[in-house]
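J.: Before I ask anything, let me first share the structure, which is written out below as structure tokens.
The values are calculated or read from the model by the stated rules, or taken from the named source; none is laboratory data. Only a predicted model underlies this, so the values are computations on that prediction, with no experimental measurement involved. So basically every Cβ, Gly included, is an ideal-geometry build from the backbone, and we count neighbours across all protein chains shown.
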Amino acid sequence: MAKKKIKIYTTFIRFWHWTQVFLLATLAFTGFAVHGTHRLIRFDTAVKVHNVTGIALGLLAFAMFFYYITTGEWKQYKFDKGDILAQIKYYTSGILKGEPHPHQKTEISRLNPLQKITYLNFKVIILPVMGITGTMYLYKEYLEENFYSALGLKLFVLNNVAVLHTIGAYILVAFVIVHVYMTTTGHSVFSHVKTMLTGWEEVEEHGEG
Amino acid sequence: MKRRKPKLATLVSLTGIIILLISAFFARNAQAADPISGLSQGEGEPDSPTSTADHSKFEILQQDFATGPDVTAACLTCHTEAAKQIMETPHWTWEYTDPQTGEALGKKNVINNFCQSIESNEPRCTSCHIGYGWEDKTFDFSAEESVDCLVCHDTTGTYKKLPTGAGHPVYNEPKEFPAGSGKYWDPVDLTLVAQNVGATSRQTCGACHFEGGGGNGVKHGDLDQSLVSPDHHLDVHMDIDGLNFTCATCHEPVAHAIPGSRYQLEAKDEDGFAVASKGHTALTCEDCHGLEPHPSDANLDHHVEKIACQTCHIPSYARGGYPTKTWWDWSTAGRLGADGKSITEHDEKGWDTYISKKGDFIWEENVQPEYYWFDGNIDYQNMKPFEAGTEVLQVNQIHGSPDDPGSRIWPFKVMRGKQPYDTVNRTLVTPHVYGADDTSYWKNFDWEKAIATGMEYSSHDYSGEYGFIETEMYWPISHMVAPAEDALHCDSCHRREQGILADVEGVYIPGITTTPLLDQISWTAIMLTFVGVVIHGSARFISSKNRNKKEGI
């Protein structure tokens, strides 16, 4: 079977991905310090770094959304339901039997259906929730003075905001574990990571092509 | 001629400056050399050139005074309104009416867990009254010459009220105090003192306020003799080599009324900088530092809303080398020596841990305060009956809550101990402790008699049955302000183990407040995810090996 190399990830996507890796790692480390899970750094250092990193991630997310909308990349996330079952079946049994991957990566469709669901959740639920709760946390005094008290709201006191933000953090930890593991399911253990670094993916050439 | 004028002016001003510098130098040296006036005189104090009067030149002060009231009478010939002003203040009345409850408070009425009560013990307690002769209930609070001007305005350091003199110093002949100790107090030279009056000082205020509870540092913990000449670390404002504040720099009197009483405490100043035209003198931290006192850190400024400045900036009290009493157990008093006489026991540091007259003590230094929500209101138990089954009675109760925008987290010294109470009526009692009669506790070591006499004197019902109850008393801490570099650090509170605010409830404090259920569920889920990934990976690894075997690779 002939193989060809196609460019799966553009420069921006790769820049966005790896910057996000760095920012999320920093946020997790400092965030869990603020939460009191560990005391490897001083509290005030953790807060300062976390705030700056959070704002940086917010900016990056805006750039990402802008990129997706303006380039039409968002179409990557269109999917049909039938594919999901095939994908689940592949991960639960096919992958063990050495069956071929049901999804063929192309420039137009680089994500398999499970990736689409997961990443879409990440982009439109987790990231915004973390962004909104993080902002509410950061500007708690301002919001309390100008909004909550005026609206008679006790709902958004720091406690609730912090708990939501923490739940998001835990989900992200679980996501990262699975995500990192999934990088090993390529042709070789590191081929997915390599693709994410270089942008190039080796795919099988189809007869018609 | 026209060109000469400025030259002359320059010459005159230069000479003026030089003269000023030289005189300032000599004034300093004179102070340092003079053991009497050189103790702790700061700026604006007697010898400073800012005073417009030299009291030694007043004829009326050039006489031999027999008593303190004689001096006062002389003072009042010029300072005609001074005594009237004093008489309006709690320094004179020892009374304060709670504006909310109408209850009569103040030193005269409050029962504490140190010496307990003033009534029937006046001559001892009123040695710190700003007057002369308050020996019992019959004291005339309207006699102007009974006001003691000198105790606050002495600059010589020689004026001392005899601890048992009902406010009088020693006249004529030396007096022995404590009785039988062989220590004699010399008579005071009233003429010298009167001719050298001046502004109040840390010493004059401290003569009473550092000595509350019967001795140096006993009562407050954040006020003791170390504040007479504190260094930078003990008190950043009073630092003798720095700002050199006196008490009156913050407690700035208006017509002898001195702001800053525990009975009317401002727990949260929302006005910020004090404006003189508001008739408002500087007293709270915010009056000088404003509401955003941390220029480099907005996050710290946000703390001002919920945390009193004192909480971080007074990391511990009794820091000046003197301990403060934190436990006083009256129930063990009365144990006498083999000779039937009063005994005193000391610990290895020389602090008295037991005195027959008073019971057991615990002293502490560098004490970390306890922290509570506080809105400035304090209620006092006094003679109100308390509930049956009360194990620890709060002789005063502080108010405040996390939901109240007027409350902040404040530091407190909590004084604990045991004191007698009426077991039938369940009230505190006012024992007759001091006196050379046959019922006072210190003379007779008999609580029955002491309580009965004291309660009769204070006109309260007494069942005749007494016991001892453990009590607590809360003292907001406001002095011994440390420099910023010694203040609490973020990590002092924002930590799970030994965070000093660990016991403060009702507020989410990042780093302290745990979400145990969420954390447990989440970490379990994360562990399961990890285990799942490991199992899946192992299955892939094994199956691919098997396949490779089959295919013979």
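J.: Among B:Asp360, B:Asp403, which is in contact with a helix residue (DSSP H, G or I) (Cβ under 6 Å, 6 or more places away or on another chain) and either in a loop (DSSP other than H, G, I, E, B) or surrounded by fewer than 20 Cβ atoms within 10 Å (Cβ to Cβ) (or both)?
T.: Just one listed residue meets the conditions, B:Asp360.
J.: With respect to B:Val367, is the statement that it is surrounded by fewer than 13 Cβ atoms within 10 Å (Cβ to Cβ) and either of a type outside the set (D, E, K, R) or more than 30 Å from B:Val507 (Cβ to Cβ) (or both) true?
T.: No; evaluated as a whole, the condition is false for this residue.
J.: Hey, another quick one. Applying the selection to segment B:448-460, what residues are outside any loop (DSSP other than H, G, I, E, B) and touching a residue at least 60 places away in the same chain (Cβ under 8 Å)? First the steps, then the outcome.
T.: Start the filter on segment B:448-460 by keeping residues that are outside any loop (DSSP other than H, G, I, E, B), which leaves B:448-457.
B:Thr453, B:Gly454, B:Tyr457, listed by residue number.
J.: Just to verify a result, which residue in segment A:67-109, among those that are hydrophobic (A, V, I, L, M, F, W, C) and surrounded by 13 or more Cβ atoms within 10 Å (Cβ to Cβ), is modelled with the lowest pLDDT?
T.: Per the criteria, the residue is A:Phe79.
J.: Can you find, within segment B:156-196, the residue that is farthest from B:Phe245 (Cα to Cα) among those that are in contact (Cβ under 8 Å) with a residue 12 or more places away in the chain and touching an Asp or Glu at 6+ places or on another chain (Cβ under 7 Å)?
T.: Going through the qualifying residues, I end up with B:Pro174.
J.: Criterion first (in contact with a strand residue (DSSP E or B) (Cβ under 8 Å, 6 or more places away or on another chain), more than 7 Å from every other protein chain (Cβ to nearest Cβ) and over 20 Å from B:Leu300 (Cα atoms)) does B:Asp519 satisfy it? Write out each step before concluding.
T.: Working: in contact with a strand residue (DSSP E or B) (Cβ under 8 Å, 6 or more places away or on another chain): no; more than 7 Å from every other protein chain (Cβ to nearest Cβ): yes; over 20 Å from B:Leu300 (Cα atoms): yes.
Here the answer is no, as B:Asp519 does not meet what is asked.
J.: Could you check segment B:235-266 and list, in sequence order, the residues that are at pLDDT below 90 and touching a Phe, Trp or Tyr at 6+ places or on another chain (Cβ under 9 Å)?
T.: B:Ser261, B:Arg262, B:Tyr263, B:Gln264, B:Leu265
J.: In segment A:164-181, how many residues are of a type in the set (A, V, I, L, M, F, W, C), surrounded by fewer than 17 Cβ atoms within 10 Å (Cβ to Cβ) and either more than 7 Å from every other protein chain (Cβ to nearest Cβ) or not in a helix (DSSP H, G or I) (or both)?
T.: Number satisfying all stated conditions: 2.
J.: Okay, next question. Is it the case, given these coordinates, that B:Ser538 is within 11 Å of another protein chain (Cβ to nearest Cβ), of a type in the set (Ser, Thr, Tyr), part of a helix (DSSP H, G or I) and surrounded by 13 or more Cβ atoms within 10 Å (Cβ to Cβ)? Reasoning before the result, please.
T.: On the way: within 11 Å of another protein chain (Cβ to nearest Cβ): yes; of a type in the set (Ser, Thr, Tyr): yes; part of a helix (DSSP H, G or I): yes; surrounded by 13 or more Cβ atoms within 10 Å (Cβ to Cβ): no.
No.
J.: Follow-up. In segment B:400-429, which residues are more than 20 Å from B:Val218 (Cβ to Cβ), of a type in the set (S, T, N, Q) and under 26 Å from the mean Cα position of the chain (by Cα)?
T.: B:Ser401, B:Ser407 - these are the residues of segment B:400-429 that are more than 20 Å from B:Val218 (Cβ to Cβ), of a type in the set (S, T, N, Q) and under 26 Å from the mean Cα position of the chain (by Cα).
J.: Same structure, new question: Being assigned to a strand (DSSP E or B) and surrounded by fewer than 16 Cβ atoms within 10 Å (Cβ to Cβ) is the filter here; which residues of segment B:376-398 pass it?
T.: Of everything in segment B:376-398, those that are assigned to a strand (DSSP E or B) and surrounded by fewer than 16 Cβ atoms within 10 Å (Cβ to Cβ) turn out to be B:Val392, B:Gln397.
J.: Starting from residues that are surrounded by 16 or more Cβ atoms within 10 Å (Cβ to Cβ) and small (Gly, Ala, Ser), keep the ones in segment B:132-159 and report whichever is nearest to B:His256 (Cα to Cα).
T.: Residue satisfying both the conditions and the ranking: B:Ser146.
J.: Using beta carbons and a limit of 6 Å, which pairs, at least six apart or on different chains, have the first residue in segment A:113-129 and surrounded by 15 or more Cβ atoms within 10 Å (Cβ to Cβ) and the second one among the basic types (Lys, Arg)?
T.: Cβ pairs passing all conditions: none.
J.: Give me a count of the residues in segment B:461-515 that are within 14 Å of chain A (Cβ to nearest Cβ) and without any contact (Cβ under 8 Å) to a residue 24 or more places away in the chain.
T.: 19
J.: Restricting attention to segment A:136-163, and to residues there that are more than 10 Å from every other protein chain (Cβ to nearest Cβ) and buried (at least 16 other Cβ atoms within 10 Å of the Cβ), which single residue is modelled with the highest pLDDT?
T.: A:Met136
J.: Still on this model: Checking the conditions here, which among B:Thr156, B:Thr138, B:Thr67, B:Thr72 is over 26 Å from B:Trp330 (Cα atoms), touching a Leu at 6+ places or on another chain (Cβ under 7 Å) and among the polar types (S, T, N, Q)?
T.: Details: B:Thr138 fails: touching a Leu at 6+ places or on another chain (Cβ under 7 Å); B:Thr67 fails: touching a Leu at 6+ places or on another chain (Cβ under 7 Å); B:Thr72 fails: touching a Leu at 6+ places or on another chain (Cβ under 7 Å).
That would be B:Thr156, the only listed residue that is over 26 Å from B:Trp330 (Cα atoms), touching a Leu at 6+ places or on another chain (Cβ under 7 Å) and among the polar types (S, T, N, Q).
J.: Name the residues in segment A:133-147 that are among the hydrophobic types (A, V, I, L, M, F, W, C) and more than 23 Å from A:Ala169 (Cα to Cα), would you?
T.: Answer for segment A:133-147, where residues must be among the hydrophobic types (A, V, I, L, M, F, W, C) and more than 23 Å from A:Ala169 (Cα to Cα): just A:Phe147.
J.: Name the single residue, out of those in segment A:182-204 being assigned to a strand (DSSP E or B) and surrounded by 14 or more Cβ atoms within 10 Å (Cβ to Cβ), that is modelled with the highest pLDDT.
T.: Of everything passing the filter in segment A:182-204, A:Glu201 is modelled with the highest pLDDT.
J.: Can you spot a residue in segment B:498-509 that is among the aliphatic types (A, V, I, L, M), farther than 29 Å from B:Asp403 by Cα and surrounded by 15 or more Cβ atoms within 10 Å (Cβ to Cβ)?
T.: No - not one qualifying residue is present in segment B:498-509.
J.: Continuing with this model, one more query. Looking for something assigned to a helix (DSSP H, G or I) and out of contact with any strand residue (DSSP E or B) (no Cβ under 9 Å at 6 or more places or on another chain) - is there at least one such residue anywhere in segment B:341-351?
T.: Checked against the condition, which is being assigned to a helix (DSSP H, G or I) and out of contact with any strand residue (DSSP E or B) (no Cβ under 9 Å at 6 or more places or on another chain), segment B:341-351 yields no hits at all.
J.: Could you check, for segment A:87-100, whether at least one of its residues is more than 17 Å from the chain's Cα centre (by Cα), farther than 30 Å from B:Gln520 by Cβ, within 14 Å of chain B (Cβ to nearest Cβ) and of a type in the set (Ser, Thr, Tyr)?
T.: Yes: segment A:87-100 contains one or more residues that are more than 17 Å from the chain's Cα centre (by Cα), farther than 30 Å from B:Gln520 by Cβ, within 14 Å of chain B (Cβ to nearest Cβ) and of a type in the set (Ser, Thr, Tyr).
J.: Another question, then. Determine whether B:Thr204 is more than 18 Å from the chain's Cα centre (by Cα) and either over 27 Å from B:Tyr322 (Cα atoms) or free of Cβ contacts under 8 Å to residues at least 60 places away in the same chain (or both).
T.: no
J.: Checking the conditions here, which among B:Cys288, B:Cys247 is touching a helix residue (DSSP H, G or I) at 6+ places or on another chain (Cβ under 6 Å) and either buried (at least 18 other Cβ atoms within 10 Å of the Cβ) or under 30 Å from A:Phe43 (Cα atoms) (or both)?
T.: Among B:Cys288, B:Cys247, only B:Cys247 is touching a helix residue (DSSP H, G or I) at 6+ places or on another chain (Cβ under 6 Å) and either buried (at least 18 other Cβ atoms within 10 Å of the Cβ) or under 30 Å from A:Phe43 (Cα atoms) (or both).
J.: Out of B:Trp373, B:Trp328, report the one residue that is assigned to a strand (DSSP E or B), among the aromatic types (Phe, Trp, Tyr) and out of contact with any Ser or Thr (no Cβ under 8 Å at 6 or more places or on another chain).
T.: B:Trp328 is the lone residue from the list that is assigned to a strand (DSSP E or B), among the aromatic types (Phe, Trp, Tyr) and out of contact with any Ser or Thr (no Cβ under 8 Å at 6 or more places or on another chain).
Here is a yes/no grid of residues against (1) within 19 Å of A:Met196 (Cβ to Cβ); (2) at pLDDT below 95:
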site	(1), (2)
A:Ala25	yes, no
A:Ala28	no, no
A:His35	no, yes
A:His38	no, yes
A:Val49	no, no
A:Val52	no, no
A:Ala56	no, no
A:Ala61	yes, yes
A:Phe65	no, yes
